[in-house]
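Accompanying notes for the structure given below.
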Amino acid sequence: MDLFRALAARRTDEVIVTTMTATLQWPLVSRHPLDFDFLAFGMGHASDFGLGLALARPERKTIVLKGDGGLLMSLGSLVTMGRHAPGNLMVLLMENRRYEITGGQTLPPRVDFAALARAAAARTTTTVTTTTAPPPNSHDDDDDEGPSATPEHPGED
């Protein structure tokens, strides 16, 4: 929740797409007309939807809040994001090492989400803790093309 509070405090006019557990937490810190709850449309596919928004609205940053279990259910989305490389797309990955929404089953222990994103051509990866958040426009001045991914590790300092 600390990450969500920090992001909401810095937000301007970005589209925020949430899925699964994030759809329960984000509304506690934000009630904005550009918040989009993607829960009902497919587990793991919020970044696919966010990619479409980023490509359709290149003048507006799109931030996707999703979990690590959902990303594992749609790894192909990383390659698709790398292929289209919208510089206005950021994926904040909540990494709790569980398929939380389906009962808390644990994920394989050696998954390196930042390495997966880099291998799929994410232009930057950054790891943050629950007490920090990148500003929504943190990559606006970059000359690099492509999406960014930010794994977030709850409970780490």
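To the nearest Å, what is the center-to-center distance of the stretch 44-87 and the stretch 3-28, using C-alpha atoms only?
Answer, in whole Å: 16.
Could you list SER77, SER47, SER30 in order of exposure, starting from the residue whose Cβ has the fewest other Cβ atoms within 10 Å? Present the calculation step by step, with values, prior to reporting the outcome.
Numbers: SER77 23, SER47 28, SER30 17.
The order, fewest Cβ neighbours first, is SER30, SER77, SER47.
Among GLU95, GLU100, GLU59, which comes first, second and so on when ranked by fewest other beta-carbon atoms within 10 Å? Numbers along the way, then the final one.
Details: GLU95 20, GLU100 16, GLU59 6.
Ordered by Cβ neighbours within 10 Å, fewest first: GLU59, GLU100, GLU95.
If amide H atoms are built 1.01 Å from N in the plane of the peptide, which residues on other chains or at least 5 residues away come under 5 Å of the amide H of VAL17?
Sorted by chain and number, the residues that satisfy this are PHE36, ILE63, VAL64, LEU65.
Tell me, what HN-Hα J-couplings in whole Hz come from the Karplus equation 6.51 cos²θ - 1.76 cosθ + 1.60 at θ = phi - 60° for each residue of the stretch 25-31, using x for Gly and Pro?
8, 4, x, 6, 10, 8, 10
Only the coordinates and a few stated rules stand behind these numbers; no lab work does. The model shown is predicted, which means the values in this text are computed figures rather than measured ones. Glycine also receives a Cβ, built like all others from the backbone with ideal geometry; neighbour counts cover every protein chain displayed.
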